[in-house]
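The structure appears right after this line, and notes come after that.
The values are calculated or read from the model by the stated rules, or taken from the named source; none is laboratory data. Note that the structure is a prediction, hence the values are computed from the model and not measured. Here the Cβ positions follow ideal geometry from the backbone for every residue, glycine too, while neighbour counts run over all protein chains shown.
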Amino acid sequence: MPGLKTALPPQAAFYHAVLKYLSNCPEGAMREDVLNAVPDVLKLNDEQKQERLRNLPHLRYRHRSGFALSELKKAGLVENPERGRWRITEQGKGILLRYPEGFEHSIVRSHKKQSATDFSNETPVKSPGATQLNILTPEEEIESALNEIKSNLQELLLNRILQASPMFFEMLVLDLMQSLGYGAGPDDIEHVGGVRDGGIDGIISLDKLGFDKVCIQAKRWQGPVGRPDVQAFYGALAGRKTVKGVMLTTSSFTREAIEFADQMGNIVLIDGKLLAALMIDHGVGVGFQKAIKIPRLDEDYFNND
């Protein structure tokens, strides 16, 4: 699945789970009951249950379950006889009989309404490779595309930073820190960088009197930053009587460097990947072409009738 990382089973598994649950509900079931039942049918763990769509507030398993109801209805495998209530059709029962262990996404997409007799006369078989192909919902396709765009943009940002001057990178880092909410205003951020900076490129005052400060060090490197560099930064903090520091780099940190920072507890390390991601999320050096509004049915509106 390029551009999308998820621990959930593929969409086809949700089709099968919805049909399996409704097959045990002769009178049908309310939409909310179906959505709540799917995790048990699929035996989802806590991590899978809590996974959300990145650009939407919805739980991913509920989103995929709702999409399954919609697609199954289009295929004639479930019906919606009254508001909020869903029921498996004879065609749906036939599909479960034919594919008791699951089926591929194409079965639902290509299926046309047929009589129940057509299915009841078929020999039950297992679909080879069932549920292996993971088809995305339209919203997940947007999410995947956005993830791919951001991944490509992260690489472009880091390449441009490496082409710029060290001074530019130092100022960029201070802009980013301010966009993250550090420093109430421009006067609370001081650029210190230079040949005599003592290992400190910037200082941010967290309070108006300047008692609480964070020191910044920016390393525009291509190779990994090692433990000796982080130790030197730690020493620079002590020299300025500052107990908090943030070290940012365009590259990465060695395992030893990360372990040292964790042991000290007062230094935050931001590698190139996270740096670029934060720049995108907070609009530093990044412009946005268009805001996309994704329409969806407001279930609460219709359920209040």
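Brief remarks on what is shown
- Residue in the range 233-251 that is in contact (Cβ under 8 Å) with a residue 40 or more places away in the chain and part of a strand (DSSP E or B) present: yes
- Members of the range 10-38 found to be assigned to a helix (DSSP H, G or I) and over 27 Å from residue 141 (Cα atoms), listed by number: 22
- From the options 3, 102, residue that is within 16 Å of residue 137 (Cα to Cα), in a loop (DSSP other than H, G, I, E, B) and either touching a Ser or Thr at 6+ places or on another chain (Cβ under 6 Å) or at pLDDT below 90 (or both): 3
- Residue 225 vs. criteria touching a strand residue (DSSP E or B) at 6+ places or on another chain (Cβ under 7 Å), surrounded by 15 or more Cβ atoms within 10 Å (Cβ to Cβ) and at pLDDT 90 or above: yes
- Answer residue from the range 212-271, given it is closer than 24 Å to residue 157 by Cα and of a type in the set (Phe, Trp, Tyr) and is nearest to the chain's Cα centre (by Cα) among those: 253
- Answer from 179, 144 - the residue that is within 30 Å of residue 20 (Cβ to Cβ), surrounded by 12 or more Cβ atoms within 10 Å (Cβ to Cβ) and modelled with pLDDT under 90: 144
- For the range 12-28, filtering for residues that are surrounded by fewer than 21 Cβ atoms within 10 Å (Cβ to Cβ) and touching a residue at least 24 places away in the same chain (Cβ under 8 Å) leaves 5.
- Answer residue from the range 39-80, given it is of a type in the set (Gly, Ala, Ser) and assigned to a loop (DSSP other than H, G, I, E, B) and is farthest from residue 150 (Cα to Cα) among those: 76
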